[in-house]
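Reading through the structure tokens given below for one structure.
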Amino acid sequence: MITELDVALPDGRILHAYDRRPTAPRLAVIWHHGTPNIGAPPRPLFAAADRLGIRWVSYDRPGYGGSTARPDRNVGSAASDVAAVADALGIDRFAVMGHSGGAPHALGCGVLLPERVVGVVSVAGLAPFGADGLDWFAGMAASGVSSLRAAVAGRPAKEAYEASGAEYDPEFTASDLAALSGEWSWLSSVVGPAQAAGPAALIDDDLAYVNPWGFDPAEARVRATGPTPKFGSPPMPDTSRSSPRPPPPWSGWPPGSAGQSFQTGQLEMSAASAYKGSSSIVTLSASAPPNSRAGSR
């Protein structure tokens, strides 16, 4: 069962949070959703989480769902919001996991809350905008490029773009659509409400992605795992087609961090466990779509 709660912040804002607690929790993992999504935790991963004793905690990022907007936020501002949610639930140490646009927010928690975050999982995340030597827009769908270039031009241009009625086309393949018709059709239940509420929160997200994040991912000192980010670095493995062998783990994290690899239709996610003060690794495996953007990024 998922418990929903509103967390009041000192600045007067409200964060709408979610808590799914297994019978015998070993590790809390705070989920960071994509753009545009609401923050409900990932239902397709519940069975594996129950088996492993993982407690899912999540929240609607400011402006989404039941959370108060914060138009001036940067990516790193997620850390103080996450700390407030964890405090409200009496959680001291936890792992964080983000997919797509949620991945850099998870990384921010790893950098800015080093005494509390025991592990970070980044799934199909973005690289920092303007990083040296990277073509940040490489590999994006054409409509995604247009949307984010509008954000680069500033808030008025981005607001005008969203008001123009331009449609976002994720350019899904037949394999993508087949995967999203199964258990990962759950994504429509978090994308739909976010889209129905209008573009304001998406605008805030996109502006945060293309402006300084408020932290340097290279400063992460917690165990971090993740496949190659979607943008601004070597391309994601093509999991929409069978491969004779799985691609190698991405080695772009700081030395000593754990790796993660993709296989066709399978996503393996690792987070450091704080169970009984140990530094063991909990591995969560579940079926995942080959390209699970489902209108989000």
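Some points to look at:
- Here the dipole of the stretch 1-98 is about 340 debye; that uses its Cα centre as origin and unit charges on the Cβ of Lys and Arg (positive) and Asp and Glu (negative).
- Gap separating the Cα centres of the stretch 21-73 and the stretch 120-138, nearest whole Å: 23
- The share of accessible area on the stretch 106-232 that comes from carbon and sulfur is 55 percent, using a 1.4 angstrom probe.
- Portion, in percent, of the accessible area of the stretch 18-87 that falls on carbon or sulfur, probe 1.4 Å: 50
- Per-residue ³J(HN,Hα) for the stretch 48-55, Karplus 6.51 cos²θ - 1.76 cosθ + 1.60, θ = phi - 60°, Hz, x for Gly and Pro: 5, 5, 4, 5, 9, x, 8, 9
- Here the Kirkwood formula, the inverse mean of 1/r across different C-alpha pairs, assigns the stretch 40-145 a hydrodynamic radius of 15.3 Å.
- Computed FRET value (nearest 0.05) for GLU219 with SER80, which takes r as the C-beta separation and R₀ as 22 Å: 0.85
- Heavy-atom accessible area per residue - the stretch 15-142, 1.4 Å, Å²: 31
The values are calculated or read from the model by the stated rules, or taken from the named source; none is laboratory data. This structure is a prediction, so every number in the text was calculated from the model and none was measured. Every residue, glycine among them, receives a Cβ derived from its backbone with ideal geometry; neighbour counts consider all protein chains shown. Ligands, DNA and RNA are excluded from the accessible area calculation, which covers all protein heavy atoms including side chains. Shrake-Rupley method; radii C 1.70, N 1.55, O 1.52, S 1.80 Å.
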